[in-house]
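> Pasting in a structure now, in structure tokens, and then I'll have a few things to ask.
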Amino acid sequence: MSSSGQLTRVAALDALIDALRVLPGVGPKSAARMAFHLLQHDRTGAARLAESLDQALAAIRRCSLCNTYTEQEICATCSDPRRDRRLLCVVESPADQAAVEQTLTYAGLYFVLMGHLSPLDGMGPKDIGMDLLMQRVQGGDVEEIILATNFTNEGEATAHVIAETVRSLDLRISRLARGVPAGAELEYVDLGTIARALMDRRGA
């Protein structure tokens, strides 16, 4: 086998390992284990994973109303006539939205920020869709904004900025109750705790 062919193989493996490292919590060793497993034991799974990623990147977009992921212009939640349009729950990510939905205690609509304010990371109000949120709440249907950002320092700061930004509007502003532990991310909190925090929300 030529040395150039060997180098090509190694370069392709290194590229795969580097690509797997973009996943949260995956370091060099974990990425290498995943790459070797896919290549050695599950090439069919690897091909299916690659195809699914290609399809998702091509098909998935942001909902024009709530900013979450969807394959349509407007997501299924926003287009559902049974949802209470007077309530708008603001979350940091689609994963947080899914966590709230799984509690089966909330029947309103959502706005997904796709992040939180973090000046050190260059994330300002525009980067998390504050302009889109303001357009949404000024539409006339929303009566209450539920701030369901995470109870991290960044999440608290984000909730405070949103509350101050919309305070001039004739809206009720509430925050999830402290049933959610400080420093916790909704995606990893048990559903009962999220449900209780949602029901016991307080004024922001």
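The values are calculated or read from the model by the stated rules, or taken from the named source; none is laboratory data. Because the structure is predicted, anything quoted here is derived from the model rather than measured. All Cβ positions, even for glycine, are placed from backbone atoms using ideal geometry, and neighbour counts span all protein chains on display. Ligands, DNA and RNA are excluded from the accessible area calculation, which covers all protein heavy atoms including side chains. Shrake-Rupley method; radii C 1.70, N 1.55, O 1.52, S 1.80 Å.
> Measuring with a 1.4 Å probe in the full set of protein chains, what accessible area per residue, in whole Å², belongs to region 65-204?
Working: 6930 Å² over 140 residues.
Per residue, region 65-204 has 49 Å² of solvent-accessible surface.
> So, one more: In region 139-204, which trypsin sites (Lys or Arg not before Pro) fall in coil by DSSP and have 12 or fewer other Cβ atoms within 10 Å? Don't skip to the answer; put the middle values down first.
Working: sites: R167, R172, R175, R178, R196, R201, R202; in loops: R167, R178, R201.
For trypsin sites (Lys or Arg not before Pro) across region 139-204 that sit outside H, G, I, E and B with at most 12 neighbouring Cβ atoms in 10 Å, the list reads R167, R178.
> If each of E164 and A46 carries a label point 7 Å out from its Cα toward its Cβ, how far apart are those two points in nm?
Going from the E164 label point to the A46 one covers 5.1 nm.
> Which order do the peptides 98-109, 50-61 come out in when sorted by mean C-beta neighbours inside 10 angstrom, highest first? If you can, show how the numbers build up before the last one.
Values: 98-109: 16.2, 50-61: 10.2.
Taking the mean over residues of other Cβ atoms within 10 Å, the ranking is 98-109, 50-61.
> Dipole size in debye (nearest 20) for the chain around its Cα centre, Lys and Arg Cβ +1, Asp and Glu Cβ -1? Walk me through the numbers on the way to the answer.
Details: 21 positive and 26 negative charges, 48 e Å.
For this selection, approximately 240 debye.
> Highest mean first, how do 126-134, 89-97 rank when packing is the count of other Cβ atoms within 10 Å averaged over residues?
Details: 126-134: 16.8, 89-97: 23.0.
Packing proxy ranking, top to bottom: 89-97, 126-134.
> What percent of all Cα-Cα pairs in the chain falls in each 5 Å bin, counting up from 0?
Taking every Cα pair in the chain, the percentages come to 1, 7, 12, 16, 16, 13, 10, 8, 6, 5, 3, 2, 1, 0, 0.
> So, in nm, how far is label D131 from label R33 when the simple model puts each one 7 Å beyond its Cα toward the Cβ?
About 4.4 nm, to one decimal.
> Projected onto the charge dipole of the chain (+1 at Lys/Arg Cβ, -1 at Asp/Glu Cβ, origin at the Cα centre), which of Q135, L186, T165 gives the Cα projection farthest towards the positive end?
Result: L186.
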